[in-house]
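A.B. asks: Got a structure for you, questions after.
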Amino acid sequence: MLAPAINIVIPLYNEEEVFEKLISRLTTLMDSFQKTIEVILVDDGSSDRTAELMTDLAMNDQRFQSVILSRNFGHQIALSAGLQQITATEAVFIIDADLQDPPELLGEFYEYYKQGYDVVYAVRKNRKENFLKKFAYKSFYRLMDKISYIHIPLDTGDFSLISARVAHLMNEMPEQSRFLRGMRSWLGFKQIGVEYNREERQSGESKYTLRKLFQLAFNGVFNFSELPIKLITNLGLLTVFSSICYFLYVVAKKLIYGNVPEGFTGLLFVLVLFGGIQLLSLGLIGEYVLRIFFQVKQRPLFVIKETIKDKERKTTGFNLEHSANEI
Ligand code: UDP
Ligand code: MG
């Protein structure tokens, strides 16, 4: 297949239930779209039939490319793996497999691309999720916006249409811990948000476990914010200042009232409090050190087991050029 105008990159992890629906929606879209499209499906170490379904599809229809990773690396890494495979001459459309991001929006997004926008990101107008999850998401994005040194638009995810040059630049960014929506904002160029209604997942359960969600949130905070470290410094200054005040107070009290006994409870409280603050501070610094640790190791981001492009099967292993890491 000649280089397509548009690549659609979709990470899949145990999505056999939604697979057929996804492919039929994509095929309808491709049949009617004004430009050539190639879909890159990335299997993120599924334990169900996802990889098998992808293989069958890619062997029969060259508009679909299949990339199978050697194990579960996580959503952001699977997406990065897909982005490494793009050949699009114009733009790359990034969506989830569960149809929460309607593929049909490509047309609208593409209009903005034609107007000269390098990044067209989707802004969620509503979320059909339970109250707690919604609340957690909302607070996280608002917190991120307050503390990060770049502006990451509120209520946006990875669902977006990015120009081929932005996609290539993202591929060139050597970060091991990847928070793609942050990297996308950091890159700059002309960006615009388009509102949409986030659908419910079409079938199956969310593949984002609580642990994975926290990892994503941590990557957002520790890759794009220096506030935690600044907080520690300020806390340290505050502690020193208050202990000096306390010392002066005790001395003054002694001078005025003579031998006044000091309470043990107060002492214990201060001891425990500062013990806690110290541990927390070490933990926060640890998060940054951990990221340095992974960056320095320069371990590949992912391992590809097999790819199918233009109905041709290739078994691959390490690809040290395409590296980074999962933290
Ligand atoms: N996903 C993935 N690897 C993972 C977890 C999720 O590739 O370890 C994919 C999943 O198949 C889906 C997308 O990432 O296409 C978003 O996941 P999900 O819909 O489960 O997350 P949610 O919408 O609940 O945040
Ligand atoms: Mg989903």
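The values are calculated or read from the model by the stated rules, or taken from the named source; none is laboratory data. Note that this is a predicted model, so its numbers are computed, not measured. With ideal geometry, Cβ positions are generated from the backbone for all residues, glycine too; neighbour counts draw on all protein chains shown. In case anyone asks, the SASA skips ligands and DNA or RNA and just uses the protein heavy atoms, side chains included. Shrake-Rupley method; radii C 1.70, N 1.55, O 1.52, S 1.80 Å.
A.B. asks: Is region 207-226 home to any residue that is out of contact with any Leu (no Cβ under 6 Å at 6 or more places or on another chain), polar (S, T, N, Q), on the phi < 0 side of the Ramachandran plot and more than 16 Å from ligand 1 (Cβ to nearest atom)?
C.D. replies: yes
A.B. asks: Which of the residues belonging to region 198-227 are more than 15 Å from the chain's Cα centre (by Cα), touching a residue at least 60 places away in the same chain (Cβ under 8 Å) and either away from ligand 2 (no atom under 16 Å from the Cβ) or open to solvent by 80 Å² or more (accessible area, probe 1.4 Å) (or both)?
C.D. replies: The answer is GLU200, GLU226, LEU227.
A.B. asks: When region 73-124 is examined, which residues are found to be within 16 Å of ligand 2 (Cβ to nearest atom) and of a type outside the set (A, V, I, L, M, F, W, C)?
C.D. replies: Residues satisfying the conditions are GLY74, HIS75, GLN76, ASP96, ASP98, GLN100, ASP101, PRO102, PRO103, ARG124.
A.B. asks: Test each condition in (1) surrounded by fewer than 16 Cβ atoms within 10 Å (Cβ to Cβ); (2) at positive phi; (3) within 16 Å of ligand 2 (Cβ to nearest atom) for ASP155 and report the one that comes out false.
C.D. replies: (1)
A.B. asks: Go through region 79-89 and give me each residue that's surrounded by fewer than 24 Cβ atoms within 10 Å (Cβ to Cβ) and closer than 20 Å to LEU213 by Cβ.
C.D. replies: Passing the criteria: only LEU79.
A.B. asks: Another one. Answer with yes or no whether LEU187 is open to solvent by 70 Å² or more (accessible area, probe 1.4 Å) and either in contact with a Phe, Trp or Tyr (Cβ under 7 Å, 6 or more places away or on another chain) or of a type in the set (A, V, I, L, M, F, W, C) (or both).
C.D. replies: It is false that LEU187 is open to solvent by 70 Å² or more (accessible area, probe 1.4 Å) and either in contact with a Phe, Trp or Tyr (Cβ under 7 Å, 6 or more places away or on another chain) or of a type in the set (A, V, I, L, M, F, W, C) (or both).
A.B. asks: Let me ask you something else. Name the one entry in VAL120, VAL92, VAL67 that is open to solvent by less than 20 Å² (accessible area, probe 1.4 Å), closer than 19 Å to ARG313 by Cα and either touching a Leu at 6+ places or on another chain (Cβ under 9 Å) or of a type in the set (S, T, N, Q) (or both).
C.D. replies: Of the residues listed, the single one that is open to solvent by less than 20 Å² (accessible area, probe 1.4 Å), closer than 19 Å to ARG313 by Cα and either touching a Leu at 6+ places or on another chain (Cβ under 9 Å) or of a type in the set (S, T, N, Q) (or both) is VAL67.
One line per residue, one yes/no per condition, for (1) among the hydroxyl-bearing types (Ser, Thr, Tyr); (2) open to solvent by 30 Å² or more (accessible area, probe 1.4 Å); (3) out of contact with any Phe, Trp or Tyr (no Cβ under 6 Å at 6 or more places or on another chain); (4) within 22 Å of ASP43 (Cβ to Cβ):
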residue: PRO103; (1), (2), (3), (4): no, no, yes, yes
residue: GLU108; (1), (2), (3), (4): no, yes, yes, no
residue: ASN126; (1), (2), (3), (4): no, yes, yes, no
residue: SER148; (1), (2), (3), (4): yes, no, no, no
residue: LEU161; (1), (2), (3), (4): no, no, no, no
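A.B. asks: Taking the stated definitions as given, is LYS207 touching a His at 6+ places or on another chain (Cβ under 8 Å) and modelled with pLDDT under 80?
C.D. replies: Yes.
A.B. asks: Kindly list the number of the only condition in (1) over 18 Å from the mean Cα position of the chain (by Cα); (2) under 30 Å from ILE285 (Cβ atoms) that fails for GLY116.
C.D. replies: So the condition that GLY116 fails would be (2).
A.B. asks: May I ask you to list pairs of residues, at least six apart or on different chains, whose Cβ atoms are under 6 Å apart, with the first in region 274-295 being closer than 14 Å to GLU175 by Cβ and the second being modelled with pLDDT under 80?
C.D. replies: Qualifying pairs under 6 Å: PHE294/ASN325; PHE294/ILE327.
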